[in-house]
């Protein structure tokens, strides 16, 4: 049912916050340079699942992973205790729900990932910033003012800036956590176009509340409910002929 | 309809009542400060001359000045700032960003809050035992400065923590998500974004330290001193001398206290004049604090 080059393989993933288990035995293959959407009602664990991919849970106490997320082609388990979360985050980037630019200039926002990696050469930084802003479809709007504060941008521009910031370090996977939930419809459609565009460069996993959005941007969709994957298939299949009754009820709006 | 209007009138009535209460409370504070300042001005303005600032104390009131007092106060502030700022800021950052939240850090937190409320004389007693008798630093500028540093340390720590806490977590997550370490996140984000609040806290702490009397009297500051601490710059190699740290000292509030306790009317006038200068010093420091806060607030909005 899922065909193509596999970028990440999730095997028997369980996630615990203290004693409560929020992800239950998740098995899933993420395909390279495709968009995979995670949908499901609030509290179903889709964001929790997404944040496993770049070990964001390691920032807070009482969180525990079980199982494996194998990153290919190296075949490393990125949630293993022996792998430094920082190494994982260097390879897998994230765009958050609310645009969260740093209170610095547009240039510094995009350059930050490079600075973290110790890049100091002005021309390398500048080239990367320009390339990333172009990839994020923001360059034309900001090229005359990249030394101006990022907060001067509109909400949609700020979110595209955050995408540029995440792209600047050439991640292997880009995670989107409901990237348009704080944006107006026009800004949303720009971000959606961008996501469709970006899948030529990078593997994308996107959490969304909005089922139309999942249908518009993704090739594969996983429907989650109460911490489990109920169904995972081609987006088309999920939205037209779902195999599970629960999926059908959700996408037809009968609950959630 | 009439009912709703009645209800609105009733609600507005209480609105006005509070407005009047609040305004009165504000005016009482302002009025008292103004009266105090004007009273000092009336009493002391006749002595506000350059000579007053450049003369040593004397037993003749008209010759007496506050040179040793303000030089002493600034030396103390220098030592206090140099010791309290790094300690307090580092502790604040550690507690907010590194320390795990458990019962132990909770106890530390409660104790720091308590320390801020400890009477200053108690710090004086502690410093007398620790710096004067145990470390044998004597009644020196160093002892006085360290004592005041202890006094404002809790304030600096709390100001640091408060302004770090005001940084939204989304900023930290954005930084970590790009592969930054804790230190990189602190260095590039947490520290610069909280600097405004930290500086404000530091300056308010220092402006409290400059007016403290009890702890430095306890550690043995002199009340009458007719010489300056040795110069920090010398003509011989290595040109910088640390001897001033170990010299005896006095400070503005001590000089005032000394003058007030004398029977002659003229000395009271001197005390008022010194009071004006001390108040101007603290006003300037608080003004700088407000300016810094405003400047940083304008630059950073969440």
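Derivation of every value follows stated rules applied to the coordinates shown; laboratory data play no part. Everything quoted here is computed from the prediction, not taken from an experiment. When we count neighbours, we look across all protein chains shown, and the Cβ atoms used for this are built from the backbone with ideal geometry, even at glycine.
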How many nm is it between the label spots at residue A:141 and residue A:181, if each spot is 7 Å from the Cα in line with the beta carbon? 2.2
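Which ordering of A:34, B:12 is given by a fewest-first count of other beta-carbon atoms within 10 Å? Could the numbers behind the result be given before it?
Numbers: A:34 18, B:12 10.
Ranking A:34, B:12 by Cβ neighbours within 10 Å, fewest first, gives B:12, A:34.
For the protein assembly as shown, what is the mean residue ellipticity at 222 nm derived from helices alone (per DSSP H run of n ≥ 4: -39500 (n - 2.57); sum divided by total residues; nearest 500 deg cm²/dmol)? Can you show the working numbers first?
Numbers: 22 runs with 295 residues, N = 558.
That calculation yields -17000 deg cm²/dmol at 222 nm.
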Would you give the gap between the C-alpha center of the stretch A:136-205 and the C-alpha center of the stretch B:255-302, rounded to a whole Å? 51
Using a Gaussian network for chain A with springs between C-alpha atoms less than 10 Å apart, which of these wobbles most: A:81, A:109, A:63? A:81
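Taking neighbour Cβ counts within 10 Å as the exposure measure, how do A:29, B:170, B:75 sort from fewest upward?
Details: A:29 20, B:170 15, B:75 23.
With the sparsest Cβ surroundings first, the list reads B:170, A:29, B:75.
Tell me, what are the semi-axes, in whole angstrom and largest first, of the equivalent ellipsoid of the stretch A:77-198 as set by the roots of 5 times the Cα gyration tensor eigenvalues?
Here the semi-axes work out to 23, 19, 12 Å.
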Along each of its three principal axes, how wide is the spread of alpha-carbon positions in the stretch A:1-156, in whole angstrom units, largest first? 50, 32, 31
Specify the residue with the greatest mean-square fluctuation among A:221, A:241, A:22, computed from a Gaussian network of chain A linking alpha-carbon atoms under 10 Å apart. A:241
Can you give me the Kirkwood hydrodynamic radius for the stretch B:160-302, using every pair of distinct Cα atoms, in Å to one decimal? 19.0
Treating the angle as unsigned and between 0 and 90°, give the value, to the nearest 10°, between the Cα long axis of helix A:106-116 and the longest Cα principal axis of chain A. 70
Relative to the longest principal Cα axis of chain A, at what angle does helix A:185-198 sit, 0 to 90 degrees, rounded to 10? 90
Roughly what % antiparallel, to the nearest 5, for the DSSP beta bridges in the protein assembly as shown? 60
Taking only Cα atoms and a 10 Å spring cutoff, compute GNM fluctuations for chain A and point out the largest among A:158, A:213, A:21. A:21
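Sort B:51, A:237 so that the residue with the fewest other Cβ atoms within 10 Å of its own Cβ comes first and the one with the most comes last.
Values: B:51 12, A:237 16.
Neighbour counts put them in this order, fewest first: B:51, A:237.
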Cα gyration tensor of the stretch B:112-200 - equivalent ellipsoid semi-axes, whole Å, descending: 37, 14, 10
What is the pair-distance distribution P(r) of the stretch B:48-299, computed from all Cα-Cα distances in 10 Å bins starting at 0, with each bin given as a whole percent? 7, 26, 29, 22, 11, 4, 1, 0
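Taking the inverse of the average 1/r across all pairs of different Cα atoms in the stretch A:115-256, what Kirkwood radius in Å do you get?
On the way: mean 1/r = 0.0593 Å⁻¹.
Computed over the stretch A:115-256, the radius equals 16.9 Å.
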Relative contact order of the stretch A:23-129, pairs being alpha-carbon contacts under 8 Å that are 6 or more residues apart, as %: 16
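Against the 2.2 N^0.38 Å scaling, with N counting residues, where does the stretch B:2-46 land? I'd like the Cα-based Rg ratio to two decimal places. It would help to have the intermediate numbers written out before the result.
Values: Rg = 19.5 Å, N = 45, 2.2 N^0.38 = 9.3 Å.
Rounded to two decimals, the normalised Rg is 2.09.
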Quick check on packing: order A:138-147, B:272-281 by the mean number of other C-beta atoms within 10 Å, highest mean leading. B:272-281, A:138-147
May I ask for the equivalent-ellipsoid semi-axes of the protein assembly as shown, computed as the square root of five times each C-alpha gyration tensor eigenvalue and listed largest first in whole Å? 62, 28, 23
Globularity index of the stretch B:1-140, i.e. its alpha-carbon radius of gyration over 2.2 N^0.38 Å: 1.81
